[in-house]
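These notes concern the structure reproduced below.
The values are calculated or read from the model by the stated rules, or taken from the named source; none is laboratory data. All values reported here derive from a predicted model rather than from experimental measurement. A quick note on method: Cβ atoms are made from the backbone with ideal geometry, for glycine too, and the neighbour counts reach across all protein chains shown. Quick note on the areas: whole protein, heavy atoms, side chains included, nothing else; ligands and nucleic acids left out. Shrake-Rupley method; radii C 1.70, N 1.55, O 1.52, S 1.80 Å.
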Amino acid sequence: MKCPKCDCKEDKVVDSRLVKEGKAVRRRRECLNCQQRFTTYEEIIQSEISVIKRNKSRQEFERAKLRNGIKNACWKRPISDEKIDELVDKVTLSLEHDFDREVSSRVIGERTMSELKKFDEVAYVRFASVYRDFKDIERFIEEIRLLNKAEKE
Ligand SMILES: [Zn+2]
């Protein structure tokens, strides 16, 4: 970072502390050229992906929303909060990796389902039933039948 006094780009960090409950770091720096001290502030930038919903409306991607959906699907399953966070991270990172600005809610749903499937079949079927909005019980049963089949193979 350029020194505000002499424009030199070389500095050293003389102090570093976590702020905002560890969500940001504040650094005191010293210019190697003129010894001017200045402070920098660093924090994670929230994801800026928009989600395009089935009705074509847009919405900011919210990690908390995804987490809620997964958490509901995991209700009373032997899945810890840490594990749920891990799953949310995995899906979020894969979305941020593959999409710059927008992603359809369908893709988010599919990716979440494929992660859940590896993880807990009951949670998977629950999530899928909400997500796919199964219109009839036959489709629901068909999904479970496919799961059982996959398990035996
Ligand atoms: Zn300087």
Tail weight of P(r) past 24 Å, computed on alpha-carbon pairs of segment 50-152, percent = 25 percent
Mind checking which of Glu96, Glu43, Glu110 has the largest fluctuation in a GNM of the chain, springs on alpha carbons under 10 Å?
-> Glu43
Cα to Cα, under 20 Å, and not fewer than 8 places away if on the same chain: which aspartates and glutamates meet these conditions relative to Lys2?
-> Glu10, Asp11, Asp15, Glu30, Glu42, Glu43
On average, how much accessible surface per residue is there in the chain, in Å², for a 1.4 Å probe, leaving out ligands, DNA and RNA?
-> 72 Å²
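Sum up the charges of everything whose Cβ sits under 15 Å from the Cβ of Leu18, counting Lys and Arg as +1 and Asp and Glu as -1, but leave Leu18 out.
Local charge sum for Leu18: +2.
Within the chain, what whole-number % of the accessible surface is contributed by carbon and sulfur, with the 1.4 Å probe and all protein chains included in the calculation? Display every interim value, and only then the final one.
Numbers: 5390 of 11070 Å².
Carbon and sulfur: 49 percent of the exposed surface of the chain.
Only loop residues by DSSP count here, and only those with at most 10 other Cβ atoms within 10 Å; note down the chymotrypsin sites (Phe, Trp or Tyr not before Pro) in segment 1-99 that meet that. Write out the running numbers ahead of the final one.
Details: sites: Phe38, Tyr41, Phe61, Trp75, Phe99; in loops: Phe61, Trp75, Phe99.
Those that pass, being in a loop and sparsely packed, are Trp75.
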Over the chain: helical MRE at 222 nm, DSSP H runs n ≥ 4 each giving -39500 (n - 2.57), nearest 500 = -15000 deg cm²/dmol
Rounded to the nearest Å, what's the spacing between the alpha carbon centres of segment 1-17 and segment 38-68? Just the number, please.
-> 31 Å
Which percent of Cα-Cα pairs in segment 1-62 sits in each 10 Å bin, short to long?
-> 20, 28, 21, 16, 11, 3
